[in-house]
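So the structure is just underneath, and the comments pick up after that.
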Amino acid sequence: MDELLSLSRMARRLGVTQQWLRDQAKAGQVPCLRAGTRFLFNAEAVQEALAAEAARPQQGGAADE
């Protein structure tokens, strides 16, 4: 089984703030396991989810016009 990382460790690994990561997890954009008030992350699953999101075509914006 892969190691689960705390919110603070995962945020450091990604180079993002804890608040951003928490918000993404709550919105279902980043996979996580919730244990009470704690968020736990599988680093590989998070990186795959973020890579998939980055690869998706973005909608809207002036560049599309």
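What the table below lists for this structure:
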{"quantity": "Debye, to nearest 20: dipole size of the range 4-53, +1 on Lys, Arg Cβ, -1 on Asp, Glu Cβ", "calculated": "300 debye"}
{"quantity": "Computed lengthening from T17 to A54, 0.36 nm per intervening residue step minus Cα-Cα distance", "calculated": "11.5 nm"}
{"quantity": "Within-15-Å neighbourhood charge of D2 [Cβ basis; K, R +1; D, E -1]", "calculated": "-1"}
{"quantity": "Sorted by Cβ density within 10 Å, fewest first, the residues D2, D23", "calculated": "D2, D23"}
{"quantity": "Label selected from (i) 4.6; (ii) 5.2; (iii) 9.4, the criterion being mean projected area of the Cα convex hull in nm² as computed here", "calculated": "(ii)"}
{"quantity": "For the chain, calculated [θ]222 nm from helices alone, where every DSSP H run of n ≥ 4 adds -39500 (n - 2.57)", "calculated": "-13500 deg cm²/dmol"}
{"quantity": "Using alpha-carbon coordinates, inclination of helix 43-55 to the longest axis of the chain, degrees", "calculated": "10 degrees"}
{"quantity": "Charge-dipole axis of the range 4-53 as Lys and Arg at +1 and Asp and Glu at -1 on Cβ define it, positive-most pick from L21, A49, S8", "calculated": "S8"}
{"quantity": "The range 4-53: relative contact order as a whole-number percent, Cα under 8 Å and 6+ apart", "calculated": "40 percent"}
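Readers should treat all values here as calculations from the given coordinates under stated rules, not as data from a laboratory. As the structure is a computational prediction, the values presented were derived from the model and not from experiment. Counting neighbours? That spans all protein chains shown, and the Cβs are built from the backbone with ideal geometry, glycine included.
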